Structures are given as C-alpha cells and as structure tokens.
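The structure appears below as structure tokens.
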Amino acid sequence: MNTISIEDKLAVNKFDIDKDVHIRIDEDICQTCNHHACIYVCPANCYKLSDGRITFSYEGCLECGSCNVACDKGAIDWTLPRPGFGICYQYG
Amino acid sequence: MEQGFDAIVVGAGPAGCACAYKLAKAGLQALVIDRGKFAGAKNMWGGAFYGAELLELLPDFLEEAPFERYVTRQKISFLTVEDCLSIDFASPKFSQPAPHGFVILRSKFDRWFADKAQEAGAIVAPGLGADDLLWDGHRVTGIKAGNDELPASAVIACDGANSVMAQKAGLQTELSPEDMKQGVKEVIELPREVIEQRFNLSGREGMAWEFAGSCTQGLPGGGFIYTNQDSISIGIVAQLNALVKRKIQANDLLEGFKSHPEVARLIEGGKLVEYSGHLIPVSGINMMPELYRDGFLVAGDAAALVLGTGLILEGANFAVASGIAAAETVIKAKEKGDFSRESLSTYQKLLEESYVLKDLKTFKKAPHFLENPHIYNLYPELACDLARRIFIGDGQPRKTTWNTLRGSLKGKASLLQILPDLWWGKGAI
Amino acid sequence: MNIIVCVKQVLDPDIPPAKFKVDSASKQVVPPEGIPPVINPYDAQAVELALRLKEKQGGKITVLTVGSDGADKAVKYAISMGADDGFVLSDEVFEGSDSFSMAYILSKAVEKIGEYDLVLCGRQAADWDEGLVGSIIAESLGTSLVTLAEDAEVVDEGLKVKRVTLDGYQAFIVPTPAVVTVSNEVGQARLPSGLGIISAARRQIPVWKAADTGIDPSLVGSAAARRKLFALSVPARERKCEIIEGETPAEAATKLAERLREAGAI
Ligand SMILES: Cc1cc2nc3c(=O)[nH]c(=O)nc-3n(C[C@H](O)[C@H](O)[C@H](O)COP(=O)(O)OP(=O)(O)OC[C@H]3O[C@@H](n4cnc5c(N)ncnc54)[C@H](O)[C@@H]3O)c2cc1C
C-alpha cells in the first residue's frame, strides 16, 4: 500500500459541514509561539504552517480536542461544532 | 420543560447508555443527550470490549448486539523496523463459559445501546449538546443546551475525554498533554474470507492484536489491529506531548506501521473506508477529578477512568461500570429525596468496592512507568535480536541461551540499565 | 389552517459518493453501513414552510410518512422542528409501491385525517429526484396544485403561492384545500430546538396499516406498480489528467477551450 495523504483519508469520511466555524485561532499569538504543537497533534492537518504563519481551516476536523490540550499559549478558542454537525463516523 | 428530569445524562457513549439504561429500568425519568447526529456518530476507539458487564446488563446482548466478532485470539508483537516477535494466545477460555471480549465498531454499537436505553424507558435525544450547567448556589440543577434550560435533580457527565461538563462543574482542570494519548485509526475493508484466512479465524472468531516498538518510533504508545467482520481496524496510539517533542504526526506513525512488512501483508488489497482520531486520558487515578458534587456526577472517560498497563488499554468496561454505579447512586438519592454531595458520595464507595478504582489504584504507577522509552525501543530491539540469534544461525557454533542473551545485550544495554526498569516495573505493571 | 406535510426518509445525502453501492441483481441501493437515513431535505423545507404559515395563521401541522422500521424518526424530526402530530403508514403490502401507489397510500391517510386546508410535499425526494408524488396526491384528492413553491400566504380567496421559475417567479392564487410542493428557494429549514428534540423523543408515533385507512391492497405494492425498474447500476467514474501546454498563456487557454469543446464539456 502506498502512503495516503491525510486529505485523501478525510475524503472517505462523512462530514455534515456546518457554516459556523467552531475553532478560532489568534494568529498574533501563534506568531510568537516557539513549538507550533498544533500542527503535530492535529490528526486532520487543520493547522498549517506557511511562511512562518499558522493558518487554520475547520473542514476535516475530527473533533478530538488535541489542539486545545496541546496549545499552551492560549491561542485557540476551542469549541465543538453545533450538535448534529461535523464528523459523523460510519464505523468508529 | 414542564417539570425537570430525575437525571440528565450528558453523552450517549458506553458510560451514558449504561447509566440511562439502569436509571430507566429503575423507573426514573432519565434523559440522555448526545451531540452526535445519532449516538455513536462522534465515537471511535480500537477496539474490543472486555468483561461481563454488558452481558449482565443487557440480557439480549449475545443475540442482538451488533458486535463484529468475539475475541478468541489475543496477540502481542514487538516490532523493529524489519522484525516482528509475537506472542499469539488462543484459548477456548476466551469464550467459556461466555464470551469475554467483543470486537466492536462504535458507530453501530453505541446507536444500538442507546436504543436499548430508550426501550427501557429513557428519553434518548441525539442532536442535542450540553453547553453549560444550571446552578442554584453550589448545587447543579440542570443543563443549558442551546437556548434551552433543562432542569434535573442530577446531572451525570458521561461526555468523554474532553469533558466540558466536568470542567464547568469545577471538578476537572485543564487537561495536560502528558496525561493524554491520541489514537488515530483506519478502517480497511477486506473480503471476509481474506480476513479469516490472514488472521487464522473462522465464523465469529476475532483477533485483538497489540504492537509495541518501531510502530511508534520509540514514542510512548503502540499499534493495534482488530478484526471486524468485513474490515480491519488498524491504528496507532501515541502520547500527545511526545508527538510535539518529536515533531511528528500520529498519522506518520500509522503510515510507517502500515508499511511494516508483517503488517503490510495483512492489509494488502484493502480499501480505506474511514479515518478517525480521538483522545484517551491515560494517567488514571493520577488525573482523576473529584467524582461528584451536589447534583452532579462524572463517569467514564470524563472522569479519566481508563486503565493502561502497557499490554492493554481498557476504558469502555470502566465506562459501563462507572455509568452503572452512578445510576445506582442516583436511584438511592431519589429514594431518599436527597441529591446533595453527601448523598452522592455513595458513588465513590461503589467504585472503590468494584474493580474500577481497585484496578486504577493497583496500576497507579503504570502511567509514569510507561513513559520509559526503553519499553518502546530498547526492549523490542533486544527481544527481536535475541530471537534472531536463536532462530537464524550464523554458521558459528551455538551458545547457551544465557550467553546468547548476553550477546544481545552487548552494546545495547547493560544490566545496570535494565535492572532499575525491572525493579520499577515490578511495582508498576 | 390545518396543514398536512408528507415526508420521506432518504439515504443521507452527505455520504461520500465513493461509498454509494447498488445491488444490480435486486436492483436496489445498498444502504451504507452505520449511517441511518435522514428526512429528505426538501421535505424538511416543506415542514419549514408549514411552520411559517402556522406562526402567522395558527392551526395544526400533521406529518405523514410511508416506511417501515425506523420511519418514525422522520416524523419525529418534523415534530422536533415544531410540527404537532404525525403518523407512520406501514404495511407489508406497501413494499415495492411506485409513485402512484405511494400517492394513493398518502391520499387515503389525508382523507382519514379529514380536516385539512393544505397538503405540503418536498419538490422531490433527494434519492430518485422524480418529484411525482405531490402532483399525484393532488390528482387523487381532486384539489388544486402548485408545484415548486418558494413561499405561500393565506389570502381571502385561498392561498397565494409563489412558484419558482428559471429567472423569477409566478404568483398563483388557488382555492383551498390545495397541494403545494415546496422548493429549496424557501430557504434553510430550521434546526430542531432542544425542547423540540426532547418532546419528539418522548412521543410514540402511531402506525396506520393498510386496513386503518381503507387501502385496497390490490392497488399498492410491487404487483400494482405500473412502472418497473429495468436496471440499476453505478456509472463507472474515470479520472484522467491531461496537461495542455502552449507558448503563451493565451495559446494554452485557446487550446484548453478547444479541448473542452471536443470533450463536450462546454
Ligand atoms: C484509539 C482508541 C482505542 C481504544 N481502544 C479501546 C479498547 O480496545 N477497549 C476499551 O475498553 N477501550 C478502548 N478505548 C477507550 C474507550 O473508547 C473509552 O474509554 C470509552 O469510549 C469511554 O466511554 P464514555 O462513555 O466515557 O465516553 P465516550 O465513548 O467518549 O462517549 C462520550 C459521548 O458524549 C458525547 N458528548 C460529548 N460532549 C457532549 C456534550 N457537550 N453534549 C452532549 N453530548 C456530548 C459524545 O458525542 C459521545 O457520544 C480506546 C480509545 C481510543 C481513543
């Protein structure tokens, strides 16, 4: 089996995507962060580092909460998607 | 709501469903809510359920429950980049007198369990999430869900690893990455015959398989494979802070694990049908919050009631057992008409009498011990090296096994390094 | 104003396409494991329009669905949105019914309920996208009919309905009782409220069998179907990548346009 990218893996999942964004980051705080834990702990690649800036997209979020636990800078305003929205596991 | 519920159970995982089922059976007005579109929609795990609780609680379990297979083989493997040394335990005792372990996919199972709670008389309301608690002074008097306020004599937080409820109740503080592991998993579809042939199974027989060593590249954690009926679950569990320190994603570990020669052949030709991720609280009693306050109880992962001994990781049975204990406590409280902290302290006593807190106390030192990197690199290396020396001759005259072991150790570790691990491990796992 | 809304359960439309499976032999869709069916989104919008009318006009909203095990979930969803009441129409003899029989089954239930001013249906079901049942119900009840409504209001003469057209709308005034099919231009269906979800969860949805509404079994089910499915298969999807090059961007674009025209894409 060839390695599959996270994006291709997420494409087989069922999501009920909400128009509301449930996680927000404070990019100014991220600018000062020295470890960028979020990009390593997010299993869905929602956090990306490009040109020294952290960007976040909530699509594909598996709602595991790892980013919120790992971020010790208070840069993440973490909530869960509205009930009924977000990841919907078919197997689990 | 015209009048409040006796109990509102937040979360319809194993803890919440067991709790609501038990409450409803006793005739209490119980509401169980879940933020998933249906119960189970948000839940993933390894996984196998071990223990007799479900069989005892649900008389129809064996006939009706949508489990995948019985666990009839338990395998443990130590991996190096190339090698794999395994212990493969098969025993009729696994299913006698009754099956002891069940391989389960959560989405189907949790929905079935919630339906059982509903049949028992609980009000099951998926698509509803608790945002906050209602208070009267120190007493929790219900929950807030969206724009609605729902009063109840008791609220039972069964909302899993990221328990917002336990935090809002002031019982759990912020979670720390040292106390959490992350699990990522793929469900890979394969024809039933292929699964049975590759894993040496037939009928509803199933395998639970844990891996330690190169699959986590030396990070605290491990790999796992469970056989479902028409798919296999394969995943990695890794300590959250270790991922950050190593600057690696759990998915990279999973990809490496899947490409190990012994693993790749098991999933070859399979089709990925789901990719999932979840947190597990792993510090057991060391991170356990206070379990109750006035009008409020915490059960399951929300209370960090998970046992990890290195060889096993069990949480669902602890969730069910604690959910039942919470229900029994609330049933008594209702009889007395007293939901105060004092009255709910029965919960702690029930858990202390059961294996839940006994096991967590027995393995109190395990979480710390399991951070020892030797377990994930040195020992798998040593074990495989020893096997290599024993099984693959090099044309030289043979040595006694003891001397072979010494040969393996040479250059890798000294007894002085290993003895403390043994000493420490003796008390921890 | 008494409104009856007909709703149907369909496969969750958010299931990734790769997971869509059919059994060509039995000519049936294989429901994906682990994902329960949902209320047809257009039907939820019909419930939405009913609720808006009720908010202005008062009255009662009753929901009907034809289905088997678990069909009560569609009715409960409508109740959690705010509908008042509902029934599941379920009988073995209904199995294999075509749109005509479905409309007949629903019409008989509408007649049993008796007092109604308006029957609402979604414009079509998101599974087969046929959009027949609503019109046939109007025919069998002998009421007036407007399809593809984006709005409706009560006026002296009856009901004023805005009907979606390609680039605007038509306005009709029809006498009641009427059947109206509702289009997505009505707007987002409201999400159920917490109390709505709980009160729906508490309800037992009554089931009406064929005999309960006086249905003639010879007019329903696969034997009565006037139309039979000939074959069912999932189209093979092919992905190809071609790189169009050109000396200048303009040249590449021209070639791309030519290639697209050749392929029938534009
Ligand atoms: C990768 C992995 C492998 C595992 N393997 C095993 C195994 O093999 N065997 C085993 O025994 N255990 C295993 N576990 C642990 C096991 O999954 C958990 O211990 C168990 O699921 C805990 O049950 P629970 O009911 O406490 O919580 P959960 O199962 O997490 O359920 C919590 C529920 O609460 C809901 N919820 C959360 N917040 C809210 C809210 N605000 N409002 C409403 N609802 C809410 C969620 O949607 C969810 O349904 C594994 C865990 C992981 C992550």
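Annotation: of all residues in segment B:148-158 being more than 14 Å from chain C (Cβ to nearest Cβ) and under 23 Å from C:S199 (Cβ atoms), the one that is nearest to the ligand (Cβ to nearest atom) is B:C158.
What number of residues within segment C:63-78 satisfy the criterion of being out of contact with any Phe, Trp or Tyr (no Cβ under 7 Å at 6 or more places or on another chain) and open to solvent by 10 Å² or more (accessible area, probe 1.4 Å)? The qualifying residues number 8. Which numbered condition trips up A:G52, out of (1) open to solvent by 20 Å² or more (accessible area, probe 1.4 Å); (2) more than 10 Å from chain B (Cβ to nearest Cβ); (3) modelled with pLDDT of 95 or more? Among (1) open to solvent by 20 Å² or more (accessible area, probe 1.4 Å); (2) more than 10 Å from chain B (Cβ to nearest Cβ); (3) modelled with pLDDT of 95 or more, A:G52 violates only (3). In segment B:154-260, counting only helices (runs of 4 or more DSSP H) that sit wholly within it, the ones holding 3 or more residues that are out of contact with any strand residue (DSSP E or B) (no Cβ under 6 Å at 6 or more places or on another chain) and of a type outside the set (D, E) span B:192-199, B:240-246, B:250-259. The set of residues in segment A:6-20 being open to solvent by less than 60 Å² (accessible area, probe 1.4 Å) and either more than 9 Å from chain B (Cβ to nearest Cβ) or within 23 Å of C:D12 (Cα to Cα) (or both) consists of A:K9, A:L10, A:V12, A:N13, A:K14, A:F15, A:D16, A:D18.
Exactly one residue among C:A109, C:A83, C:A71 is within 16 Å of the chain's Cα centre (by Cα) and away from chain A (no Cβ under 14 Å), and that residue is C:A71.
Note on segment C:82-100: residues that are surrounded by 24 or more Cβ atoms within 10 Å (Cβ to Cβ) and out of contact with any strand residue (DSSP E or B) (no Cβ under 6 Å at 6 or more places or on another chain) total 0. Filtering segment B:254-295 to residues that are on the phi > 0 side of the Ramachandran plot and within 13 Å of the ligand (Cβ to nearest atom) leaves only B:G284. One residue alone among C:S199, C:S222, C:S183 is over 20 Å from C:E111 (Cα atoms), within 14 Å of chain B (Cβ to nearest Cβ) and polar (S, T, N, Q), and that residue is C:S199.
Exactly one residue out of C:K27, C:K8 is open to solvent by 10 Å² or more (accessible area, probe 1.4 Å) and either within 13 Å of chain A (Cβ to nearest Cβ) or over 14 Å from C:G70 (Cα atoms) (or both): that is C:K27.
Is it the case that some residue within segment B:290-303 is in a loop (DSSP other than H, G, I, E, B), of a type in the set (D, E, K, R) and surrounded by fewer than 24 Cβ atoms within 10 Å (Cβ to Cβ)? Scanning segment B:290-303, I find at least one residue that is in a loop (DSSP other than H, G, I, E, B), of a type in the set (D, E, K, R) and surrounded by fewer than 24 Cβ atoms within 10 Å (Cβ to Cβ), so the answer is yes. Every condition in (1) among the aliphatic types (A, V, I, L, M); (2) under 21 Å from C:A201 (Cβ atoms); (3) within 14 Å of chain A (Cβ to nearest Cβ); (4) surrounded by fewer than 24 Cβ atoms within 10 Å (Cβ to Cβ) holds for C:I39 except the one numbered (4). Residues that are away from chain A (no Cβ under 14 Å) and touching a Ser or Thr at 6+ places or on another chain (Cβ under 9 Å) within segment B:93-107 comprise B:F94, B:S95, B:P99, B:G101, listed in sequence order.
Given segment B:33-134, what helices (runs of 4 or more DSSP H) lie entirely inside it while holding 3 or more residues that are touching a residue at least 24 places away in the same chain (Cβ under 8 Å) and either more than 23 Å from the chain's Cα centre (by Cα) or within 13 Å of the ligand (Cβ to nearest atom) (or both)?
Answer list for segment B:33-134: B:106-119.
Of the residues in segment A:9-43, how many are of a type in the set (F, W, Y) and under 15 Å from A:T55 (Cα atoms)? Count: 1. Can you confirm whether B:A120 is away from chain A (no Cβ under 13 Å) and among the hydrophobic types (A, V, I, L, M, F, W, C)? The answer is yes for B:A120. Exactly one residue among B:T173, B:T141 is hydroxyl-bearing (S, T, Y) and modelled with pLDDT of 95 or more, and that residue is B:T141.
Looking only at segment A:56-67, decide whether some residue is more than 12 Å from chain B (Cβ to nearest Cβ) and aliphatic (A, V, I, L, M). No - not one qualifying residue is present in segment A:56-67. Considering only residues that are near the ligand (Cβ under 8 Å from one of its atoms) and either of a type in the set (S, T, Y) or within 14 Å of chain A (Cβ to nearest Cβ) (or both), look in segment B:300-314 and name the one that is farthest from B:W209 (Cα to Cα). Once the filter is applied, the top-ranked residue is B:A302.
Only a single item in (1) β-branched (V, I, T); (2) away from the ligand (no atom under 15 Å from the Cβ); (3) open to solvent by less than 20 Å² (accessible area, probe 1.4 Å) is not met by B:V10, and it is number (2).
For the residues B:L311, B:L419, B:L405, B:L351, the requirement of being out of contact with any helix residue (DSSP H, G or I) (no Cβ under 8 Å at 6 or more places or on another chain) and either outside the structural domain of B:I156 (by TED's automatic domain parsing) or under 23 Å from B:Y21 (Cβ atoms) (or both) singles out B:L419. Has segment B:19-26 got any residue that is over 22 Å from the mean Cα position of the chain (by Cα), open to solvent by 20 Å² or more (accessible area, probe 1.4 Å) and at pLDDT 95 or above? Within segment B:19-26 (the criterion being over 22 Å from the mean Cα position of the chain (by Cα), open to solvent by 20 Å² or more (accessible area, probe 1.4 Å) and at pLDDT 95 or above), the answer is yes, since at least one residue qualifies. Note on segment C:1-42: enclosed strands (runs of 3 or more DSSP E) holding 2 or more residues that are under 22 Å from C:S222 (Cβ atoms) are C:21-23, C:28-30. On the stretch given as segment A:54-77, residues that are touching a Cys at 6+ places or on another chain (Cβ under 7 Å) and not polar (S, T, N, Q) total 11. The condition of being under 30 Å from B:C384 (Cα atoms), touching a helix residue (DSSP H, G or I) at 6+ places or on another chain (Cβ under 8 Å) and either within 14 Å of chain A (Cβ to nearest Cβ) or acidic (D, E) (or both) holds for only one of B:D110, B:D132, B:D83, that being B:D83.
One residue is enough: does segment C:226-239 have a residue meeting the conditions farther than 30 Å from C:S99 by Cβ and open to solvent by 90 Å² or more (accessible area, probe 1.4 Å)? Within segment C:226-239, one or more residues are farther than 30 Å from C:S99 by Cβ and open to solvent by 90 Å² or more (accessible area, probe 1.4 Å). Filtering segment B:343-357 to residues that are open to solvent by 10 Å² or more (accessible area, probe 1.4 Å) and polar (S, T, N, Q) leaves B:S345, B:T346, B:Q348, B:S354.
The values are calculated or read from the model by the stated rules, or taken from the named source; none is laboratory data. Since the model is a prediction, treat every value here as computed from it, not as a measurement. Heads up, the Cβs are rebuilt from the backbone with ideal geometry, glycines too, and the neighbour counts pull from every protein chain shown. These accessible areas exclude ligands, DNA and RNA; they are computed on the full protein's heavy atoms, side chains included. Shrake-Rupley method; radii C 1.70, N 1.55, O 1.52, S 1.80 Å.
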